[in-house]
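In what follows, a structure is listed as C-alpha coordinates, so that the remarks can point back to it.
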Amino acid sequence: MSNIISEQKTFFNSQKTKTITFRLQYLKALKNEILLKEQAVYDALQHDFKKSEFETFISEFGLVISQLNLAIKNLKKWSKPKRITPSILSFPSTDYIYKEPYGTVLIIAPWNYPFLLALEPLIMAIAAGNTVVLKPSELTKNTSQLLTDIIKNVFPDNYAVSIEGGIETSTELLAQKWDYIFFTGSVPVGKIIAQAAAKHVTPVTLELGGKSPCIIDDTVNLKLVAKRLVWGKFFNAGQTCIAPDYIIIKAKIKNDFIKLLKIEILKAYGENPKESADFPRIINTKNTVRLIKLLEDIDVIFGGDFDESENYVSPTLIDEPSLESEVMKHEIFGPILPILTYKTNEDIEHIISNFEKPLACYVFSNNKNFVKETLIKYSFGGGVINDTLIHFGNHKLPFGGVGASGMGAYHGKYGFDTFSHAKSIIKRGNWLDPSLRYTPYTKKLNLIKKLFKLFA
Ligand code: NAD
(Lines give C-alpha, C1' and ligand atoms only; values in the text may rest on other atoms or scores of the structure.)
Protein backbone atom coordinates (compact mmCIF):
# COMPACT_ATOMS: atom_id res chain seq x y z
CA MET A 1 0.00 0.00 0.00
CA SER A 2 2.68 2.51 0.97
CA ASN A 3 4.53 1.54 -2.25
CA ILE A 4 1.53 2.47 -4.36
CA ILE A 5 1.18 5.78 -2.56
CA SER A 6 4.85 6.70 -2.91
CA GLU A 7 4.69 5.71 -6.61
CA GLN A 8 1.66 7.96 -7.00
CA LYS A 9 3.53 10.82 -5.33
CA THR A 10 6.49 10.30 -7.68
CA PHE A 11 4.13 10.21 -10.64
CA PHE A 12 2.39 13.38 -9.51
CA ASN A 13 5.75 15.09 -9.09
CA SER A 14 6.63 14.16 -12.68
CA GLN A 15 4.15 16.97 -13.61
CA LYS A 16 2.40 14.77 -16.20
CA THR A 17 -1.06 15.23 -14.65
CA LYS A 18 -0.70 19.01 -14.91
CA THR A 19 -1.25 18.80 -18.67
CA ILE A 20 -4.87 19.16 -19.72
CA THR A 21 -4.51 16.94 -22.81
CA PHE A 22 -3.10 14.19 -20.58
CA ARG A 23 -6.08 14.36 -18.22
CA LEU A 24 -8.52 14.48 -21.13
CA GLN A 25 -6.96 11.41 -22.71
CA TYR A 26 -7.62 9.42 -19.51
CA LEU A 27 -11.11 10.79 -18.93
CA LYS A 28 -12.06 9.79 -22.48
CA ALA A 29 -10.54 6.33 -21.98
CA LEU A 30 -12.49 5.97 -18.73
CA LYS A 31 -15.71 6.92 -20.50
CA ASN A 32 -15.10 4.36 -23.24
CA GLU A 33 -14.34 1.64 -20.72
CA ILE A 34 -17.46 2.42 -18.67
CA LEU A 35 -19.65 2.44 -21.78
CA LEU A 36 -18.28 -0.98 -22.70
CA LYS A 37 -19.16 -2.23 -19.20
CA GLU A 38 -22.74 -0.87 -19.10
CA GLN A 39 -24.43 -4.28 -18.84
CA ALA A 40 -21.84 -5.44 -16.30
CA VAL A 41 -22.74 -2.44 -14.10
CA TYR A 42 -26.44 -3.38 -14.13
CA ASP A 43 -25.59 -7.01 -13.39
CA ALA A 44 -23.26 -6.11 -10.50
CA LEU A 45 -25.84 -3.90 -8.79
CA GLN A 46 -28.53 -6.55 -9.36
CA HIS A 47 -26.32 -9.17 -7.68
CA ASP A 48 -25.30 -6.87 -4.84
CA PHE A 49 -28.78 -5.84 -3.68
CA LYS A 50 -31.28 -6.51 -6.45
CA LYS A 51 -31.22 -2.95 -7.69
CA SER A 52 -33.24 -2.59 -10.90
CA GLU A 53 -31.63 -1.60 -14.19
CA PHE A 54 -33.83 1.51 -14.30
CA GLU A 55 -32.74 2.79 -10.86
CA THR A 56 -29.12 1.89 -11.61
CA PHE A 57 -29.28 3.89 -14.81
CA ILE A 58 -30.90 7.05 -13.42
CA SER A 59 -29.03 7.14 -10.12
CA GLU A 60 -25.62 5.69 -11.03
CA PHE A 61 -24.63 4.87 -14.61
CA GLY A 62 -26.36 7.81 -16.33
CA LEU A 63 -25.01 10.31 -13.78
CA VAL A 64 -21.44 8.97 -14.08
CA ILE A 65 -21.54 9.34 -17.87
CA SER A 66 -22.99 12.85 -17.62
CA GLN A 67 -20.26 13.89 -15.14
CA LEU A 68 -17.64 12.50 -17.53
CA ASN A 69 -19.18 14.36 -20.48
CA LEU A 70 -19.29 17.56 -18.45
CA ALA A 71 -15.66 17.27 -17.34
CA ILE A 72 -14.45 16.41 -20.85
CA LYS A 73 -16.37 19.33 -22.35
CA ASN A 74 -15.39 21.95 -19.77
CA LEU A 75 -11.96 20.91 -18.56
CA LYS A 76 -10.04 23.54 -20.55
CA LYS A 77 -12.35 26.30 -19.34
CA TRP A 78 -12.37 25.14 -15.71
CA SER A 79 -8.61 24.83 -15.44
CA LYS A 80 -7.66 28.09 -17.17
CA PRO A 81 -6.27 30.74 -14.79
CA LYS A 82 -9.19 33.05 -14.06
CA ARG A 83 -8.52 36.78 -14.36
CA ILE A 84 -9.83 38.75 -11.40
CA THR A 85 -10.46 42.51 -11.10
CA PRO A 86 -7.33 43.91 -9.44
CA SER A 87 -7.36 46.16 -6.40
CA ILE A 88 -6.52 49.76 -7.13
CA LEU A 89 -4.22 49.64 -4.10
CA SER A 90 -1.83 47.32 -5.94
CA PHE A 91 -2.02 49.30 -9.19
CA PRO A 92 -0.54 48.48 -11.66
CA SER A 93 -1.26 44.74 -11.59
CA THR A 94 -3.16 41.86 -13.18
CA ASP A 95 -4.66 39.33 -10.76
CA TYR A 96 -5.47 35.66 -11.26
CA ILE A 97 -6.76 32.50 -9.61
CA TYR A 98 -4.81 29.43 -10.68
CA LYS A 99 -6.40 26.00 -10.19
CA GLU A 100 -3.78 23.67 -8.78
CA PRO A 101 -4.24 19.93 -8.12
CA TYR A 102 -3.65 18.92 -4.50
CA GLY A 103 -1.60 15.83 -5.35
CA THR A 104 -2.44 12.34 -4.15
CA VAL A 105 -6.09 11.93 -3.19
CA LEU A 106 -7.81 9.23 -1.13
CA ILE A 107 -11.49 8.55 -1.91
CA ILE A 108 -13.46 6.30 0.45
CA ALA A 109 -16.86 5.29 -0.90
CA PRO A 110 -20.05 3.82 0.65
CA TRP A 111 -22.22 0.94 -0.55
CA ASN A 112 -25.59 2.58 -1.12
CA TYR A 113 -24.80 4.09 -4.55
CA PRO A 114 -21.57 2.14 -4.93
CA PHE A 115 -20.85 2.94 -8.58
CA LEU A 116 -21.74 6.64 -8.59
CA LEU A 117 -20.27 7.61 -5.25
CA ALA A 118 -16.93 5.99 -6.09
CA LEU A 119 -16.63 7.28 -9.66
CA GLU A 120 -18.02 10.80 -9.46
CA PRO A 121 -15.34 12.01 -7.03
CA LEU A 122 -12.70 10.02 -8.95
CA ILE A 123 -13.67 11.71 -12.24
CA MET A 124 -13.43 15.20 -10.73
CA ALA A 125 -10.19 14.41 -8.87
CA ILE A 126 -8.61 13.21 -12.14
CA ALA A 127 -10.07 16.19 -14.04
CA ALA A 128 -8.42 18.49 -11.51
CA GLY A 129 -5.03 16.81 -12.08
CA ASN A 130 -4.65 14.61 -9.01
CA THR A 131 -3.70 10.96 -8.65
CA VAL A 132 -6.29 8.78 -6.89
CA VAL A 133 -6.51 5.83 -4.56
CA LEU A 134 -10.12 4.66 -4.32
CA LYS A 135 -11.36 2.44 -1.49
CA PRO A 136 -14.79 1.16 -2.58
CA SER A 137 -17.22 -0.42 -0.12
CA GLU A 138 -16.64 -3.98 1.02
CA LEU A 139 -20.41 -4.54 1.20
CA THR A 140 -21.03 -4.40 -2.56
CA LYS A 141 -18.52 -7.03 -3.67
CA ASN A 142 -19.64 -7.28 -7.31
CA THR A 143 -19.68 -3.53 -7.94
CA SER A 144 -16.40 -2.99 -6.11
CA GLN A 145 -14.71 -5.74 -8.13
CA LEU A 146 -16.04 -4.18 -11.32
CA LEU A 147 -14.77 -0.73 -10.26
CA THR A 148 -11.33 -2.22 -9.62
CA ASP A 149 -11.33 -3.83 -13.09
CA ILE A 150 -12.51 -0.66 -14.85
CA ILE A 151 -9.87 1.48 -13.16
CA LYS A 152 -7.14 -1.10 -13.79
CA ASN A 153 -8.06 -1.27 -17.49
CA VAL A 154 -7.72 2.50 -17.87
CA PHE A 155 -5.09 3.79 -15.44
CA PRO A 156 -1.63 2.65 -14.39
CA ASP A 157 -1.55 2.06 -10.60
CA ASN A 158 0.66 5.08 -10.04
CA TYR A 159 -2.09 7.32 -11.51
CA ALA A 160 -5.35 5.81 -10.21
CA VAL A 161 -6.02 2.55 -8.42
CA SER A 162 -8.84 0.87 -6.53
CA ILE A 163 -7.86 -0.92 -3.31
CA GLU A 164 -10.64 -3.16 -2.05
CA GLY A 165 -11.13 -4.08 1.59
CA GLY A 166 -13.02 -3.24 4.76
CA ILE A 167 -12.29 -1.29 7.92
CA GLU A 168 -8.71 -2.63 8.24
CA THR A 169 -7.79 -1.52 4.73
CA SER A 170 -9.47 1.82 5.30
CA THR A 171 -7.61 2.29 8.59
CA GLU A 172 -4.30 1.42 6.96
CA LEU A 173 -4.96 3.87 4.14
CA LEU A 174 -5.91 6.60 6.59
CA ALA A 175 -2.61 6.19 8.41
CA GLN A 176 -0.79 7.45 5.28
CA LYS A 177 -0.20 11.09 4.48
CA TRP A 178 -2.58 12.31 1.74
CA ASP A 179 -2.94 15.62 0.01
CA TYR A 180 -6.75 15.38 0.08
CA ILE A 181 -9.30 12.95 1.54
CA PHE A 182 -12.83 12.67 0.14
CA PHE A 183 -15.16 10.53 2.26
CA THR A 184 -18.77 9.51 1.73
CA GLY A 185 -20.42 7.51 4.50
CA SER A 186 -21.87 7.59 7.98
CA VAL A 187 -21.45 10.30 10.62
CA PRO A 188 -19.53 8.08 13.13
CA VAL A 189 -16.99 7.01 10.49
CA GLY A 190 -16.84 10.61 9.24
CA LYS A 191 -15.50 11.58 12.67
CA ILE A 192 -12.77 8.92 12.39
CA ILE A 193 -11.83 10.28 8.95
CA ALA A 194 -11.70 13.87 10.24
CA GLN A 195 -9.36 12.81 13.06
CA ALA A 196 -7.04 10.95 10.67
CA ALA A 197 -6.99 13.96 8.33
CA ALA A 198 -6.28 16.36 11.19
CA LYS A 199 -3.10 14.47 12.06
CA HIS A 200 -1.46 15.69 8.84
CA VAL A 201 -3.64 18.82 8.42
CA THR A 202 -5.02 17.18 5.29
CA PRO A 203 -8.01 18.96 3.71
CA VAL A 204 -11.09 16.79 3.72
CA THR A 205 -14.59 16.60 2.28
CA LEU A 206 -17.10 14.69 4.39
CA GLU A 207 -20.31 13.66 2.63
CA LEU A 208 -22.32 12.27 5.53
CA GLY A 209 -25.97 11.66 6.41
CA GLY A 210 -28.58 12.54 9.01
CA LYS A 211 -32.30 12.54 9.70
CA SER A 212 -33.79 14.51 6.82
CA PRO A 213 -37.33 15.74 7.54
CA CYS A 214 -40.20 16.15 5.12
CA ILE A 215 -42.71 18.82 6.16
CA ILE A 216 -46.21 18.81 4.63
CA ASP A 217 -48.78 21.54 5.27
CA ASP A 218 -52.48 21.63 4.38
CA THR A 219 -52.22 23.75 1.22
CA VAL A 220 -51.03 20.91 -1.03
CA ASN A 221 -52.45 18.45 -3.54
CA LEU A 222 -52.12 15.43 -1.23
CA LYS A 223 -52.33 12.85 -4.02
CA LEU A 224 -49.36 14.37 -5.83
CA VAL A 225 -47.40 14.65 -2.56
CA ALA A 226 -48.05 10.98 -1.78
CA LYS A 227 -46.82 9.90 -5.23
CA ARG A 228 -43.63 11.98 -5.05
CA LEU A 229 -42.91 10.98 -1.49
CA VAL A 230 -43.35 7.24 -2.08
CA TRP A 231 -40.92 7.49 -4.99
CA GLY A 232 -38.31 9.44 -2.98
CA LYS A 233 -38.58 7.38 0.21
CA PHE A 234 -38.60 3.89 -1.31
CA PHE A 235 -36.14 4.53 -4.16
CA ASN A 236 -33.14 2.24 -3.50
CA ALA A 237 -35.33 0.77 -0.69
CA GLY A 238 -34.82 3.92 1.35
CA GLN A 239 -31.04 3.47 1.40
CA THR A 240 -30.38 7.00 0.17
CA CYS A 241 -28.44 9.61 2.14
CA ILE A 242 -31.02 12.28 1.21
CA ALA A 243 -34.10 10.06 1.54
CA PRO A 244 -36.90 11.73 3.52
CA ASP A 245 -36.27 10.11 6.91
CA TYR A 246 -39.61 11.03 8.50
CA ILE A 247 -42.72 13.11 7.79
CA ILE A 248 -44.10 16.02 9.81
CA ILE A 249 -47.63 16.62 8.51
CA LYS A 250 -50.40 19.00 9.60
CA ALA A 251 -52.43 16.89 12.04
CA LYS A 252 -55.85 17.36 10.45
CA ILE A 253 -54.81 15.89 7.07
CA LYS A 254 -52.78 12.96 8.37
CA ASN A 255 -55.44 10.26 8.00
CA ASP A 256 -56.31 11.26 4.43
CA PHE A 257 -52.62 11.32 3.58
CA ILE A 258 -51.98 7.86 5.02
CA LYS A 259 -54.77 6.44 2.83
CA LEU A 260 -53.13 8.00 -0.23
CA LEU A 261 -49.66 6.78 0.77
CA LYS A 262 -50.97 3.21 0.97
CA ILE A 263 -52.56 3.51 -2.48
CA GLU A 264 -49.31 4.86 -3.98
CA ILE A 265 -47.19 2.12 -2.38
CA LEU A 266 -49.51 -0.54 -3.80
CA LYS A 267 -49.38 1.13 -7.22
CA ALA A 268 -45.60 1.29 -7.13
CA TYR A 269 -44.72 -2.17 -5.78
CA GLY A 270 -47.93 -4.27 -5.87
CA GLU A 271 -49.51 -6.37 -3.10
CA ASN A 272 -46.23 -8.17 -2.47
CA PRO A 273 -43.24 -5.83 -2.90
CA LYS A 274 -40.93 -8.83 -2.37
CA GLU A 275 -41.93 -9.99 -5.84
CA SER A 276 -41.48 -6.56 -7.42
CA ALA A 277 -38.51 -6.30 -9.77
CA ASP A 278 -38.31 -2.60 -8.87
CA PHE A 279 -37.85 -2.94 -5.11
CA PRO A 280 -34.25 -3.59 -4.01
CA ARG A 281 -33.02 -5.52 -0.98
CA ILE A 282 -31.32 -4.26 2.16
CA ILE A 283 -27.57 -4.39 1.69
CA ASN A 284 -26.77 -7.11 4.26
CA THR A 285 -28.09 -9.11 7.22
CA LYS A 286 -26.69 -6.67 9.78
CA ASN A 287 -28.69 -3.79 8.33
CA THR A 288 -31.78 -5.98 7.82
CA VAL A 289 -31.73 -7.00 11.49
CA ARG A 290 -31.16 -3.37 12.51
CA LEU A 291 -34.28 -2.31 10.56
CA ILE A 292 -36.42 -5.20 11.84
CA LYS A 293 -35.54 -4.20 15.42
CA LEU A 294 -36.82 -0.67 14.72
CA LEU A 295 -40.29 -2.17 14.17
CA GLU A 296 -40.54 -3.63 17.68
CA ASP A 297 -43.03 -1.99 20.10
CA ILE A 298 -44.18 0.53 17.58
CA ASP A 299 -47.42 1.30 15.71
CA VAL A 300 -46.89 -0.20 12.25
CA ILE A 301 -49.88 0.91 10.16
CA PHE A 302 -48.74 -0.49 6.81
CA GLY A 303 -46.19 -3.07 5.68
CA GLY A 304 -43.82 -4.21 8.39
CA ASP A 305 -43.12 -7.47 6.54
CA PHE A 306 -39.62 -8.84 6.39
CA ASP A 307 -37.60 -11.88 5.46
CA GLU A 308 -34.20 -11.87 7.11
CA SER A 309 -32.92 -14.71 4.94
CA GLU A 310 -33.44 -12.56 1.83
CA ASN A 311 -32.54 -9.18 3.36
CA TYR A 312 -36.05 -8.03 2.60
CA VAL A 313 -37.99 -5.33 4.46
CA SER A 314 -41.22 -4.10 2.89
CA PRO A 315 -42.26 -0.44 2.50
CA THR A 316 -43.51 0.37 5.98
CA LEU A 317 -45.45 3.24 7.56
CA ILE A 318 -45.21 4.05 11.27
CA ASP A 319 -47.79 6.19 13.06
CA GLU A 320 -46.64 8.87 15.51
CA PRO A 321 -43.56 7.26 17.09
CA SER A 322 -42.27 9.11 20.12
CA LEU A 323 -39.04 11.07 19.68
CA GLU A 324 -37.47 8.68 22.20
CA SER A 325 -38.28 5.56 20.15
CA GLU A 326 -35.43 3.75 18.38
CA VAL A 327 -36.80 4.63 14.94
CA MET A 328 -36.47 8.34 15.76
CA LYS A 329 -33.00 8.13 17.31
CA HIS A 330 -30.81 7.62 14.24
CA GLU A 331 -30.95 7.93 10.45
CA ILE A 332 -33.26 5.07 9.35
CA PHE A 333 -31.58 4.28 6.01
CA GLY A 334 -34.24 1.79 4.94
CA PRO A 335 -37.87 1.57 3.75
CA ILE A 336 -39.48 2.65 7.03
CA LEU A 337 -41.37 5.93 7.14
CA PRO A 338 -42.46 7.43 10.47
CA ILE A 339 -45.34 9.92 10.25
CA LEU A 340 -45.36 12.67 12.87
CA THR A 341 -47.88 15.51 13.08
CA TYR A 342 -47.89 19.20 13.95
CA LYS A 343 -50.54 21.73 14.87
CA THR A 344 -48.35 24.82 15.21
CA ASN A 345 -45.01 25.89 13.75
CA GLU A 346 -43.56 25.49 17.24
CA ASP A 347 -44.38 21.77 17.04
CA ILE A 348 -42.25 21.53 13.88
CA GLU A 349 -39.42 23.36 15.58
CA HIS A 350 -39.65 21.07 18.59
CA ILE A 351 -39.21 18.00 16.38
CA ILE A 352 -36.48 19.29 14.05
CA SER A 353 -34.41 20.86 16.81
CA ASN A 354 -34.21 17.41 18.36
CA PHE A 355 -31.68 16.41 15.67
CA GLU A 356 -28.35 17.53 14.26
CA LYS A 357 -28.36 19.53 11.03
CA PRO A 358 -29.60 17.07 8.37
CA LEU A 359 -28.29 16.52 4.83
CA ALA A 360 -31.68 17.38 3.28
CA CYS A 361 -35.06 18.88 4.05
CA TYR A 362 -38.24 18.73 1.97
CA VAL A 363 -41.19 21.10 2.23
CA PHE A 364 -44.48 20.41 0.52
CA SER A 365 -46.56 23.58 0.59
CA ASN A 366 -48.15 26.18 -1.62
CA ASN A 367 -47.89 28.77 1.12
CA LYS A 368 -44.98 30.98 0.06
CA ASN A 369 -44.44 32.46 3.52
CA PHE A 370 -44.41 29.06 5.19
CA VAL A 371 -41.84 27.79 2.68
CA LYS A 372 -39.69 30.92 3.03
CA GLU A 373 -39.74 30.80 6.83
CA THR A 374 -38.84 27.10 6.85
CA LEU A 375 -35.89 27.59 4.50
CA ILE A 376 -34.55 30.46 6.59
CA LYS A 377 -35.21 28.93 10.00
CA TYR A 378 -33.57 25.51 9.59
CA SER A 379 -30.03 24.68 8.58
CA PHE A 380 -29.56 21.65 6.31
CA GLY A 381 -27.41 20.58 3.35
CA GLY A 382 -29.95 21.18 0.57
CA GLY A 383 -33.48 20.32 -0.36
CA VAL A 384 -36.52 20.55 -2.57
CA ILE A 385 -39.82 22.41 -2.36
CA ASN A 386 -42.72 20.17 -3.44
CA ASP A 387 -40.65 17.11 -4.36
CA THR A 388 -37.87 14.88 -3.02
CA LEU A 389 -34.29 13.87 -3.99
CA ILE A 390 -34.14 15.75 -7.29
CA HIS A 391 -31.71 18.48 -6.16
CA PHE A 392 -29.04 15.76 -6.39
CA GLY A 393 -29.51 15.64 -10.16
CA ASN A 394 -28.63 19.23 -11.07
CA HIS A 395 -24.85 19.50 -11.39
CA LYS A 396 -25.10 23.29 -11.19
CA LEU A 397 -26.16 22.97 -7.54
CA PRO A 398 -23.38 22.19 -5.03
CA PHE A 399 -24.18 19.01 -3.09
CA GLY A 400 -23.01 18.60 0.49
CA GLY A 401 -23.93 18.72 4.15
CA VAL A 402 -23.58 21.20 6.97
CA GLY A 403 -22.72 20.58 10.62
CA ALA A 404 -23.07 16.88 11.43
CA SER A 405 -24.20 16.05 7.87
CA GLY A 406 -20.79 16.93 6.49
CA MET A 407 -18.48 19.58 5.13
CA GLY A 408 -17.55 20.59 1.60
CA ALA A 409 -19.58 20.01 -1.55
CA TYR A 410 -19.27 18.66 -5.07
CA HIS A 411 -21.07 17.88 -8.37
CA GLY A 412 -20.05 19.25 -11.73
CA LYS A 413 -17.70 22.23 -11.52
CA TYR A 414 -18.04 22.26 -7.72
CA GLY A 415 -16.41 18.82 -7.82
CA PHE A 416 -13.53 20.10 -9.93
CA ASP A 417 -13.12 23.03 -7.50
CA THR A 418 -13.20 20.69 -4.50
CA PHE A 419 -10.17 18.81 -5.82
CA SER A 420 -8.28 21.99 -6.77
CA HIS A 421 -6.42 24.43 -4.61
CA ALA A 422 -7.30 28.02 -5.62
CA LYS A 423 -3.93 29.72 -5.87
CA SER A 424 -4.20 33.52 -5.82
CA ILE A 425 -1.56 35.33 -7.88
CA ILE A 426 -0.89 39.00 -8.52
CA LYS A 427 1.38 39.95 -11.40
CA ARG A 428 2.75 43.37 -10.58
CA GLY A 429 3.47 45.90 -13.32
CA ASN A 430 6.91 47.49 -13.24
CA TRP A 431 6.25 50.70 -15.12
CA LEU A 432 5.01 52.58 -12.03
CA ASP A 433 6.05 52.29 -8.39
CA PRO A 434 4.30 54.87 -6.18
CA SER A 435 6.33 55.69 -3.08
CA LEU A 436 3.32 55.77 -0.74
CA ARG A 437 3.85 52.38 0.98
CA TYR A 438 7.57 52.78 1.49
CA THR A 439 9.34 54.28 4.48
CA PRO A 440 9.71 56.93 5.67
CA TYR A 441 5.94 56.90 6.46
CA THR A 442 5.97 60.45 7.74
CA LYS A 443 2.83 62.36 6.68
CA LYS A 444 1.52 59.47 4.59
CA LEU A 445 -1.01 57.98 7.02
CA ASN A 446 -3.86 60.38 6.28
CA LEU A 447 -3.55 59.80 2.56
CA ILE A 448 -3.44 56.02 2.97
CA LYS A 449 -6.55 56.18 5.20
CA LYS A 450 -8.38 58.11 2.48
CA LEU A 451 -7.35 55.57 -0.17
CA PHE A 452 -8.51 52.67 2.03
CA LYS A 453 -11.87 54.38 2.50
CA LEU A 454 -12.24 54.76 -1.25
CA PHE A 455 -10.85 51.48 -2.55
CA ALA A 456 -10.21 48.82 0.11
P1 NAD B 1 -19.89 3.67 6.44
O2 NAD B 1 -19.49 4.92 7.09
O3 NAD B 1 -20.16 2.48 7.26
O4 NAD B 1 -18.81 3.21 5.35
C5 NAD B 1 -18.29 4.07 4.36
C6 NAD B 1 -16.87 3.67 4.01
O7 NAD B 1 -16.05 3.81 5.18
C8 NAD B 1 -16.71 2.23 3.53
O9 NAD B 1 -15.83 2.22 2.44
C10 NAD B 1 -16.14 1.50 4.73
O11 NAD B 1 -15.28 0.45 4.38
C12 NAD B 1 -15.35 2.59 5.44
N13 NAD B 1 -15.33 2.40 6.90
C14 NAD B 1 -16.29 1.83 7.67
N15 NAD B 1 -15.94 1.83 8.96
C16 NAD B 1 -14.71 2.42 9.02
C17 NAD B 1 -13.79 2.70 10.08
N18 NAD B 1 -14.09 2.39 11.34
N19 NAD B 1 -12.63 3.31 9.77
C20 NAD B 1 -12.34 3.64 8.51
N21 NAD B 1 -13.15 3.39 7.45
C22 NAD B 1 -14.32 2.77 7.70
O23 NAD B 1 -21.15 4.08 5.54
P24 NAD B 1 -22.05 3.16 4.65
O25 NAD B 1 -22.83 2.24 5.55
O26 NAD B 1 -21.27 2.56 3.54
O27 NAD B 1 -23.05 4.24 4.00
C28 NAD B 1 -24.18 4.68 4.65
C29 NAD B 1 -24.00 6.07 5.24
O30 NAD B 1 -23.44 6.94 4.27
C31 NAD B 1 -25.31 6.71 5.63
O32 NAD B 1 -25.15 7.39 6.85
C33 NAD B 1 -25.57 7.71 4.52
O34 NAD B 1 -26.38 8.80 4.89
C35 NAD B 1 -24.19 8.14 4.16
N36 NAD B 1 -24.13 8.60 2.78
C37 NAD B 1 -23.90 9.91 2.53
C38 NAD B 1 -23.88 10.36 1.22
C39 NAD B 1 -23.64 11.80 0.87
O40 NAD B 1 -23.44 12.08 -0.31
N41 NAD B 1 -23.64 12.73 1.82
C42 NAD B 1 -24.08 9.47 0.18
C43 NAD B 1 -24.29 8.13 0.49
C44 NAD B 1 -24.30 7.70 1.79
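The values are calculated or read from the model by the stated rules, or taken from the named source; none is laboratory data. Here the structure is a predicted model, which is why all the values come from computation and not from measurement. Note that each Cβ is placed from the backbone with ideal geometry, even for glycine, and that neighbours are counted across all protein chains shown. SASA here: full protein model, heavy atoms, side chains in, ligands and nucleic acids out. Shrake-Rupley method; radii C 1.70, N 1.55, O 1.52, S 1.80 Å.
Our estimate of slack between ASN446 and ASN13, defined as 0.36 nm per intervening residue step minus the Cα-Cα distance, is 151.0 nm.
Pull out the extension gain between THR169 and ALA251, defined as 0.36 nm times the separation in residues minus the alpha carbon to alpha carbon distance; nm, one decimal. Answer, rounded to one decimal: 24.6 nm.
For region 169-287, give the percent of accessible area contributed by carbon and sulfur heavy atoms, probe 1.4 Å, rounded to a whole number.
About 55 percent, which is the carbon plus sulfur part of the accessible surface.
For the chain, the longest principal axis of the Cα atoms and the long axis of helix 254-269 meet at an angle of about 80 degrees.
What is the sum of charges, Lys and Arg at +1 and Asp and Glu at -1, for the other residues whose Cβ falls under 14 Å from the Cβ of PHE57?
Working: positive: LYS37, LYS51; negative: GLU38, ASP43, GLU53, GLU55, GLU60, ASP278.
Local charge sum for PHE57: -4.
Model label points for GLU326 and PHE455, set 7 angstrom from Cα along the Cα-to-Cβ axis, are 6.8 nm apart.
Note on ASN354 and MET1: the model spin-label points, each 7 Å out from Cα along the C-beta direction, lie 4.0 nm apart. When the inverse distances between all different Cα atoms of region 213-393 are averaged and flipped, the Kirkwood radius reads 16.4 angstrom. In this calculation the C-beta distance from ASP305 to LYS223 is compared with R0 = 35 Å, giving a FRET efficiency of 0.90. What number comes out for the charge environment of SER137, summing +1 per Lys or Arg and -1 per Asp or Glu over other residues with Cβ under 15 Å away? Net local charge, SER137 excluded: -3. Centre-to-centre, using Cα atoms only, region 403-428 and region 335-366 are separated by 31 Å.
To the nearest Å, what is the center-to-center distance of region 256-314 and region 120-138, using C-alpha atoms only? What the calculation gives is 35 Å, centre to centre.
Taken per residue, the accessible surface of the chain reaches 47 Å², heavy atoms only and a 1.4 Å probe. For the chain, the antiparallel share of DSSP beta bridges with both residues in that region comes to about 35%. Remark: for residue pairs LYS31/LYS51; LYS77/LYS413; LYS16/LYS413; LYS99/LYS423; LYS16/LYS396; LYS252/LYS357, the C-alpha separation exceeds 18 Å in LYS31/LYS51; LYS16/LYS413; LYS16/LYS396; LYS252/LYS357. Dividing the summed -39500 (n - 2.57) terms of all DSSP H runs of n ≥ 4 by the residue count of the chain sets its mean residue ellipticity at 222 nm at -12500 deg cm²/dmol. With respect to the chain, whose longest principal axis is taken over its alpha-carbon atoms, helix 116-127 is tilted by about 10°. Within region 213-393, what percent of beta bridges assigned by DSSP are antiparallel, to the nearest 5? That works out to approximately 15 percent antiparallel.
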